[in-house]
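Here's the structure we're looking at; comments come further down.
The values are calculated or read from the model by the stated rules, or taken from the named source; none is laboratory data. All values reported here derive from a predicted model rather than from experimental measurement. Cβ placement follows ideal geometry from the backbone for every residue including glycine, while neighbour counts extend to all protein chains displayed.
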Amino acid sequence: MQLTTPQTPQEDEIDALRIGLSGYNIGHAGTHLRERIASFIKDEEGKVHGGIIADIKWGWLHVDWLWIDESLRRDGWGGRLLGAMEQYAQSKGITHYHLETTSFQALPFYQKQGYEVFGQLPDMPPGHISYFLKKQDK
């Protein structure tokens with residue numbers, strides 16, 4: 001056996017880790033719905049002006065990305081995108097949601113949507129704070 005130096009991974013190496021870790025996790029946590037989902041704001045020509053990408057994993061919805069073009073902000077699109085993901089998750093029996101944001105992004109927006117901070121990481125990125133938020137429907 002040998003330890004490689006840190007380097008950009010190859011797809012087959014990533015697959016080996018994913019398969020190994022997935023097998024280990026299933027052995028301890030069982031199988032659960034796992035799904036990547038997205039919703040987009042598109043114009044008449046199909047150009048994307050915003051959207052949301054999320055994962056359902058281990059009984060939680062995790063919002064990975066939410067972005068809206070500057071020209072459409074403050075028009076309620078963020079709440080609609082987040083609401084669409086939460087409704088979809090609910091249709092699958094999921095009522096727990098989590099996400100991360102930074103001090104220069106959208107913390108007040110997420111709090112307005114009912115998310116609460118449960119952790120933070122200072123100086124991530126340097127000079128800013130990363131916040132970890134969660135929400136649970138009752």
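Observations on the structure shown:
- Number of residues in the stretch 9-58 that are of a type outside the set (Asp, Glu) and modelled with pLDDT under 95: the value is 24.
- Taken together, Glu100, Glu45 contain a single residue that is surrounded by 14 or more Cβ atoms within 10 Å (Cβ to Cβ) and either in a loop (DSSP other than H, G, I, E, B) or under 15 Å from the mean Cα position of the chain (by Cα) (or both), which is Glu100.
- Conditions (1) free of Cβ contacts under 8 Å to residues at least 12 places away in the same chain; (2) surrounded by fewer than 11 Cβ atoms within 10 Å (Cβ to Cβ); (3) closer than 28 Å to Leu133 by Cα: number failed by Ile26: (2)
- Qualifying residue in the stretch 49-72 (condition: part of a loop (DSSP other than H, G, I, E, B) and hydroxyl-bearing (Ser, Thr, Tyr)): no
- As a summary of the residue check, Lys138 satisfies the conditions (1) within 22 Å of Phe40 (Cβ to Cβ); (2) charged (D, E, K, R); (3) at pLDDT below 95 except for the one numbered (1).
- Inter-residue pairs, beta-carbon under 6 Å, first exposed (fewer than 14 other Cβ atoms within 10 Å of the Cβ) and in the stretch 103-117, second part of a loop (DSSP other than H, G, I, E, B), 6+ apart: Phe104/His128
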